[in-house]
Amino acid sequence: MRGASLNMDAAAIALQGHIIDKVSVGQPASKPGEPPHVLQGHLHRNIGWDRVKALVRKVGVGIGNTKKIGYALHLEFGTGPHRVVVGEHMRLSDRKIFKSGKRRGEVRKEAKVRKGMDYIHPGMAARPYLRPGLYEFRDELVRIITTPIEMA
């Protein structure tokens, strides 16, 4: 049982490293369907793993603190159009938006954003990294998990 548990730990650590490697660092911004490009490193720092039970491991973002990295789900699955109310939490670089024209998705003009202003965000296409990372690494996971460990 101890050897199997160590194999599961090793598999979780290896998968964590593979997923971190999928998330590239820097510019240019990622395109829809590509893994996200990290600018400040919050996503990198919050990809982790946890021992749930003797032979169960969880690998993902914000393990133990899901509020800290809420946007990770938006990156993985994308978002639909949604209402946004501008608040103090927004960085100055976020304070410009595009008002849409009469037709859906048509950009009419740029507008300065003020606190308390609300607008409809057009949504974001998915930039998956967890599911593709697991799928790409599945053969290696099986190898790690099924390799016998010699106990001293």
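The values are calculated or read from the model by the stated rules, or taken from the named source; none is laboratory data. Just so it is clear, the model here is predicted, and its values are computed rather than measured. Note that each Cβ is placed from the backbone with ideal geometry, even for glycine, and that neighbours are counted across all protein chains shown.
Structure summary
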quantity	calculated
Residue count for segment 37-51, restricted to those that are surrounded by 12 or more Cβ atoms within 10 Å (Cβ to Cβ) and in a loop (DSSP other than H, G, I, E, B)	1
Every residue from segment 53-80 that is at pLDDT 70 or above and among the β-branched types (Val, Ile, Thr)	56, 59, 61, 79
Single residue of 93, 100 found to be closer than 30 Å to residue 20 by Cβ and at pLDDT below 55	93
Single residue of segment 117-152 satisfying the filter (among the aliphatic types (A, V, I, L, M) and outside any helix (DSSP H, G or I)) that is farthest from residue 36 (Cα to Cα)	152
Qualifying residues in segment 1-36 (those that are among the β-branched types (Val, Ile, Thr) and touching a His at 6+ places or on another chain (Cβ under 9 Å)) - the one nearest to residue 47 (Cα to Cα)	20
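Residues are listed down the side, and each one gets a yes or a no for (1) in the same structural domain as residue 142 (by TED's automatic domain parsing); (2) modelled with pLDDT of 85 or more; (3) over 30 Å from residue 146 (Cα atoms); (4) not in a loop (DSSP other than H, G, I, E, B):
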residue: 8; (1), (2), (3), (4): yes, yes, no, yes
residue: 12; (1), (2), (3), (4): yes, yes, no, yes
residue: 16; (1), (2), (3), (4): yes, yes, no, yes
residue: 21; (1), (2), (3), (4): yes, yes, no, yes
residue: 28; (1), (2), (3), (4): yes, no, yes, no
residue: 31; (1), (2), (3), (4): yes, yes, yes, no
residue: 35; (1), (2), (3), (4): yes, yes, no, no
